[in-house]
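Here is the structure we will look at, set down as structure tokens.
What follows is calculated from the coordinates using simple rules that are stated; it is not laboratory data. Treat the numbers as computed from the prediction; the structure is a model and nothing was measured. Ideal geometry is used to build each Cβ from the backbone, glycine not excepted, and the neighbour counts take in all protein chains shown.
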Amino acid sequence: MTPRAPGRVLIIKPSALGDVVTALPVLRGLRRTFPEAHVSWLLSTSCAPLVAADPALDEVVPFDRRRLGRAWRSPAAARGLAGLLASLRRAEYDWVIDLQGLFRSGFFAWATRAPVRAGFASAREGAGLFYTHRCRTTGPHTIDRNVELMRSLGVEARRQDMTLIVPAAGRAAAEALRRREGLTGEFVVLVAPTRWPTKHYPPRHWRRVAAELARSRPVALLGTADDRELCEGIAAGADGVVDLAGRTDLPTMIGLIAGSSCVVCCDSAAQYIAQAVDVDVVTLIGPTRPERTGPLLRGRAIAADVPCRGCLRRRCRHITCMQTIAPEAVVATVEDLWVSRGPPCRSVTS
């Protein structure tokens, strides 16, 4: 049964960057269906810049995971956690949507005492015990599962709602950086870093991809300060490759991606950010599965052609899958996108 229309809604999806972007159809669907509702989002402080300026969102409820995670051994952190729980209860939410599906997020949903607490039937760590509404989804892709959950509640959500508002400050900072670094006209963004060791594309392959693409247009390497050594090695000795690792904050990174002609990355947040700002992406996939996390709105996935592809392991002794993706195949796919600008999404093997 469809629950009563809410006056106040809380989305729980604290992190990570890519997961927050794939949750945007939830926000857009809620705003479209309930234009007068007050919509809040429980969000990690590192991810907050993604949506802080979004007109569809009324409030960010900050979640400092690093600090509150010490609550069991730090009195100050324990007081902070207690304060967060108390504030969630005082907010008097009518609906809480838990997209994280873990014990912690389920507990936060329960702590609100909201009459409607919705989540996935497949939620882990017993999180489903905290819900009043459990949705069994059938779509393989994480975006489609989010859409299915909202439609089960009567919300008009759709996959095309994964659109990201580029912060004005980020767009301006990206423009200034482009001018300083000579990234004029069309340029390509390469995002080599990724959180899973098994998703890493070998640096020697990245070097060949960067050098070859730079023959036709500038290439910008993006990464955090922790990625400087990796990016320096990729850019070394290559004309037309600009190393920007550690020189951008999140809004500026979004602005650079939005101004690019194509993004090349592993299965990471960058592929979702690119699609959400309507930019083509070429995603290199080995241990994950294109049908679950690959490009859905636009771009191409290059999946390794090995028997163990899609194993979902975060650790592996050989990582054969990523090593077998040929740099020539990556370059050819990017060039094909430039020529054809379509079809919107497709998977190829290498």
>> Cut-off 10 angstrom, C-alpha nodes, Gaussian network model of the chain. Which of 179, 207, 215 fluctuates the most?
In response: 179
> residue 186 to residue 247: extension gain in nm, 0.36 nm per residue of separation minus the Cα-Cα distance?
Replying inline: 19.9 nm
>> In the chain, once you exclude exposed GluC sites (Glu not before Pro) (DSSP loop, at most 12 other Cβ within 10 angstrom), what's the longest stretch remaining?
In response: 93-350
>> I'd like to know which of 23, 75, 39 lies farthest towards the positive end of the charge dipole of segment 4-117, counting +1 on Cβ of Lys and Arg and -1 on Cβ of Asp and Glu.
In response: 75
>> Placing unit charges on C-beta atoms (Lys and Arg positive, Asp and Glu negative, everything else neutral), compute the dipole magnitude of the chain about its Cα centre in debye, rounded to 20.
In response: 1200
> Quick one: Karplus J couplings for segment 319-324, per residue in order, coefficients 6.51, -1.76, 1.60, θ = phi - 60°, nearest Hz, x for Gly and Pro?
Replying inline: 6, 4, 4, 6, 5, 8
>> Among 308, 322, 220, whose Cα projects farthest towards the positive end of the dipole of segment 168-349, with charges put on the beta-carbon of Lys, Arg (+1) and Asp, Glu (-1)?
In response: 308
>> Which of 208, 136, 159 has the fewest other C-beta atoms within 10 Å, and how do the rest follow up to the most?
In response: 136, 159, 208
>> Quick check on the exposure proxy: order 321, 316 from fewest to most C-beta atoms within 10 angstrom.
In response: 316, 321
> What number, in nm² with one decimal, is the all-direction average of the projected area of the convex hull of the alpha-carbon atoms of segment 8-161?
Replying inline: 8.4
> For the chain, what is the convex hull (Cα atoms) projected area averaged across all directions, in square nanometres?
Replying inline: 18.0
